Structures are given as C-alpha cells and as structure tokens.
C-alpha cells in the first residue's frame with residue numbers, strides 16, 4: 001500500500017490530490033492548518049481509518065518534521081511526498097505594508113516546501129530503488145515569466161521550479177524522483193476570487209487525475225493543462241520587449257493588505 005504525505009490538503013489542489021490517491025487505496029497524511037477541515041476531509045476519503053491528520057502551519061519547520069517522523073513511524077514506509085501548500089495574493093514592492101506579505105508568500109511557497117521534503121530524503125534513500133519514491137513540488141505557470149502585480153507569487157513559483165530542478169540533479173542516482181507540477185488555472189478557492197478571464201480553466205478533480213499519472217511516471221516536469229504548457233513555452237522564449245508590451249496591462253490579483 002502506497003503512503004502519501006500531502007501538505008495543503010485542506011482545500012484546493014491538495015484536497016483534490018488526497019481524494020485521488022485515497023480512491024487508489026493509498027494511505028495518507030493530511031497536513032493543513034485546521035483540524036476540523038482535515039477531519040471532515042478524512043471522513044470523505046475511501047477507507048477513512050487508514051489516514052492521519054496533522055493540523056499545523058507549514059511555516060513551522062519543527063512541526064512539519066514531527067509530523068513527517070510520526071507518519072513514517074505509523075506506516076513504516078512513505079513513497080510519495082507532495083508539497084502542495086501555497087498562497088497567492090497580489091503584491092506591490094513600492095508599498096511598505098506589502099513587505100510582510102511578500103515575505104509570507106516566499107516562506108510559505110518555497111521554504112515550507114524545503115522543510116516538507118527534508119525529513120523524508122534519507123528515509124526514501126533507504127527504500128529506493130526497490131520502491132518508487134517521489135518528491136513532488138507544486139509550482140505554477142506564473143513562475144515562468146513574472147506577472148505584474150504578482151511579484152511575490154511569481155518569484156516564489158520561479159524559485160520552486162529552480163529549487164526542484166536543483167534537488168532533482170542532487171538526487172540523481174538515489175532512486176528518488178523529483179517531480180515538478182506547474183498548474184495553469186485550476187478551479188479552486190485560490191482562483192475563484194479572480195475577477196478576470198482564466199483561459200483553459202480545469203476542474204480540480206481532473207487536474208488531480210492527470211497529476212497523479214505524471215507523478216507515478218516520475219516525470220521531471222509537467223504543465224497541467226497541456227494547453228497552458230504550450231502558452232508557457234511561447235512566453236519563455238518571447239523577447240522582453242514583446243512580453244513587456246503584451247503584459248503591462250494584464251489583469252492583476254487583489255492585494256491582501258488592501
């Protein structure tokens with residue numbers, strides 16, 4: 001039986017991934033901030049008694065490590081870790097009140113991912129290559145080019161992409177696959193607050209099904225949906241002058257401190 005540790009499990013992509021893995025018979029660790037929400041999710045999952053809930057803030061690295069070690073102790077072997085916890089909010093560097101928001105976004109989206117993976121690496125090295133082990137970082141197409149008004153989010157997701165690439169190379173030959181998933185627009189509470197058009201918007205359950213397939217394959221990098229992957233490739237190679245002209249007036253996400 002596969003064991004999967006998922007942060008950000010209380011809503012959005014994390015919740016969708018938990019539902020998908022539970023349906024396959026996996027044993028899950030559900031990590032999120034609210035115990036009541038996690039317990040409600042656990043009761044909805046296939047075989048709810050198999051799963052464990054860990055109410056904590058992912059910015060608390062010590063609490064994350066304790067949860068990781070507790071889950072390993074309870075299930076014996078953990079094959080997949082998914083760092084899905086993240087926040088998205090508009091920020092403006094010129095505004096002093098946005099500085100702590102910028103810091104929180106970077107800490108939650110990047111450093112918490114490092115803290116999530118850290119307790120599992122030695123454990124997974126002891127399992128691989130006999131067992132397929134995966135460290136999965138949830139990035140975003142927003143990390144491919146910087147979006148106006150979303151400097152913190154774009155920077156954090158660009159850092160996630162580079163971090164996972166570095167980790168993938170570091171762990172080459174260990175039997176542990178590092179998988180980067182870059183979602184486009186997925187229908188979750190994070191995107192439902194957007195008041196602008198979202199091309200190729202995908203239901204969360206469909207995203208999760210595709211992501212699980214990519215994770216099982218051990219794909220190094222995948223953009224979901226594929227149409228956003230095409231857009232991402234075009235944006236990556238677009239000259240700066242053309243990108244700046246096209247996106248200077250792009251719609252912006254609302255600021256938390258506003």
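The values are calculated or read from the model by the stated rules, or taken from the named source; none is laboratory data. Since this is a predicted model, take the numbers as computed values, not measurements. Cβ atoms come from the backbone with ideal geometry, glycine included; neighbour counts cover every protein chain shown.
Which condition number does residue 232 fail, the rest of (1) touching a strand residue (DSSP E or B) at 6+ places or on another chain (Cβ under 9 Å); (2) surrounded by 15 or more Cβ atoms within 10 Å (Cβ to Cβ); (3) over 22 Å from residue 249 (Cβ atoms) being met?
(3)
Check residue 146 against each of (1) under 25 Å from residue 94 (Cα atoms); (2) assigned to a strand (DSSP E or B) and name the one condition it does not meet.
(2)
Listed here are the residues, each with its yes/no results for (1) touching a strand residue (DSSP E or B) at 6+ places or on another chain (Cβ under 8 Å); (2) surrounded by fewer than 22 Cβ atoms within 10 Å (Cβ to Cβ); (3) under 16 Å from residue 9 (Cβ atoms).
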position	(1), (2), (3)
82	yes, no, yes
85	yes, no, yes
92	yes, yes, no
123	no, yes, no
138	yes, no, yes
143	yes, no, no
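Kindly provide the set of residues from segment 154-187 that are outside any helix (DSSP H, G or I) and surrounded by fewer than 18 Cβ atoms within 10 Å (Cβ to Cβ), ordered by number. Don't jump to the end; show me each part of the working.
Quick first cut of segment 154-187, residues outside any helix (DSSP H, G or I) only: 171-187.
Result: 172, 173, 174, 175, 187.
Can you name every residue in segment 193-218 that is closer than 29 Å to residue 171 by Cβ and out of contact with any strand residue (DSSP E or B) (no Cβ under 6 Å at 6 or more places or on another chain)?
Result: 208, 209, 212, 213, 216, 217.
Any idea which of (1) at pLDDT 85 or above; (2) under 19 Å from the mean Cα position of the chain (by Cα) is the one residue 238 doesn't satisfy?
Result: residue 238 fails condition (2) only.
As an exercise: evaluate residue 128 against (1) buried (at least 23 other Cβ atoms within 10 Å of the Cβ); (2) modelled with pLDDT under 95; (3) farther than 23 Å from residue 204 by Cα and give the number of the one condition it does not meet.
(1)
With segment 38-143 as the region, which helices (runs of 4 or more DSSP H) entirely inside it contain at least 2 residues that are in contact (Cβ under 8 Å) with a residue 12 or more places away in the chain, in contact with a helix residue (DSSP H, G or I) (Cβ under 8 Å, 6 or more places away or on another chain) and over 25 Å from residue 208 (Cα atoms)?
Numbers: elements: 61-75, 99-106, 112-117, 121-127.
Where helices (runs of 4 or more DSSP H) fall fully within segment 38-143 and carry at least 2 residues being in contact (Cβ under 8 Å) with a residue 12 or more places away in the chain, in contact with a helix residue (DSSP H, G or I) (Cβ under 8 Å, 6 or more places away or on another chain) and over 25 Å from residue 208 (Cα atoms), they are 61-75, 99-106.
Only one of 20, 9 is under 27 Å from residue 225 (Cβ atoms), in contact with a helix residue (DSSP H, G or I) (Cβ under 6 Å, 6 or more places away or on another chain) and either at pLDDT below 95 or part of a helix (DSSP H, G or I) (or both); which? Give the steps one after another, and end with the answer.
On the way: 9 fails: either at pLDDT below 95 or part of a helix (DSSP H, G or I) (or both).
Of 20, 9, the one residue that is under 27 Å from residue 225 (Cβ atoms), in contact with a helix residue (DSSP H, G or I) (Cβ under 6 Å, 6 or more places away or on another chain) and either at pLDDT below 95 or part of a helix (DSSP H, G or I) (or both) is 20.
Let me confirm something: among 68, 20, which residue is surrounded by fewer than 24 Cβ atoms within 10 Å (Cβ to Cβ) and under 26 Å from residue 206 (Cβ atoms)?
On the way: 68 fails: under 26 Å from residue 206 (Cβ atoms).
Of 68, 20, the one residue that is surrounded by fewer than 24 Cβ atoms within 10 Å (Cβ to Cβ) and under 26 Å from residue 206 (Cβ atoms) is 20.
From the list 4, 105, exactly one residue is touching a strand residue (DSSP E or B) at 6+ places or on another chain (Cβ under 6 Å), on the phi < 0 side of the Ramachandran plot, modelled with pLDDT of 95 or more and crowded, with 22+ Cβ neighbours inside 10 Å. Which is it? Please lay out each step first, then the result.
On the way: 105 fails: touching a strand residue (DSSP E or B) at 6+ places or on another chain (Cβ under 6 Å).
On inspection, the qualifying residue turns out to be 4.
Kindly provide the set of residues from segment 188-223 that are under 15 Å from residue 14 (Cα atoms), in contact (Cβ under 8 Å) with a residue 40 or more places away in the chain and outside any helix (DSSP H, G or I), ordered by number.
188 - this is the single residue of segment 188-223 that is under 15 Å from residue 14 (Cα atoms), in contact (Cβ under 8 Å) with a residue 40 or more places away in the chain and outside any helix (DSSP H, G or I).
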